[in-house]
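Asker: First, the structure itself, so that you have it in front of you.
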Amino acid sequence: MIYTAAILGVGVLIGLLGFLWMQVGPGSGRTFRNRIAAHIGISRSLFRSLLVHGVKGSPRDLLVSLEKSKPDLDQASIKLGPSLARGIERLEARFGPQDTIDEVKPIVARLVSEASHKPNPIGNPKI
């Protein structure tokens, strides 16, 4: 009886670790997101907030599909530009003007401008 409870406990623990690994581990898109944020000069936390508020659907799924298409960081940041712009609009609508958001507006505006001028060379992940 004790062995059964111990085996069950170990199984639950392994399942929990697997779940957490999928959420924050190498396949979660988190490292790719952080590399893009550093590449364009936006803090990781602000970049994440902009994505969460600007992406239609799951930012994690978007980043994973974008990473699988193997774009360079310039292409990926341009592809995410419109979503970041939507994130800025939604955050400002919710919290009003913020200095940190005002600092990244020119960066995001450049990405949106480049996204509207370039054809999509990396497929069409849902944004």
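The values are calculated or read from the model by the stated rules, or taken from the named source; none is laboratory data. Nothing here was measured: the structure is a model prediction, and the numbers come from that model. Here the Cβ is made from the backbone with ideal geometry for all residues, glycine too, and neighbour counts use every protein chain on show. Each accessible area value is taken on the protein alone, full model and side chains, heavy atoms only, with ligands, DNA and RNA left out. Shrake-Rupley method; radii C 1.70, N 1.55, O 1.52, S 1.80 Å.
Asker: Output the residue which, of all residues in the range 83-109 that are open to solvent by less than 50 Å² (accessible area, probe 1.4 Å) and under 15 Å from the mean Cα position of the chain (by Cα), is nearest to ASN34 (Cα to Cα).
Answerer: The qualifying residue nearest to ASN34 (Cα to Cα) is LEU84.
Asker: Return only the number of the condition from (1) of a type outside the set (Ser, Thr, Tyr); (2) open to solvent by 50 Å² or more (accessible area, probe 1.4 Å); (3) closer than 16 Å to ALA37 by Cα that LYS70 does not satisfy.
Answerer: Every listed condition holds for LYS70 apart from (3).
Results for (1) touching a His at 6+ places or on another chain (Cβ under 6 Å); (2) at pLDDT below 95; (3) of a type in the set (Phe, Trp, Tyr), shown as yes or no for each residue.
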position: PHE32; (1), (2), (3): no, yes, yes
position: VAL64; (1), (2), (3): no, yes, no
position: ASP72; (1), (2), (3): no, yes, no
position: LYS79; (1), (2), (3): no, yes, no
position: ARG86; (1), (2), (3): no, no, no
position: PRO97; (1), (2), (3): no, yes, no
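Asker: Going by what's in this entry, would VAL112 be described as under 18 Å from ASN34 (Cβ atoms), at pLDDT 90 or above and either open to solvent by less than 20 Å² (accessible area, probe 1.4 Å) or over 12 Å from the mean Cα position of the chain (by Cα) (or both)?
Answerer: So VAL112 fails the test.
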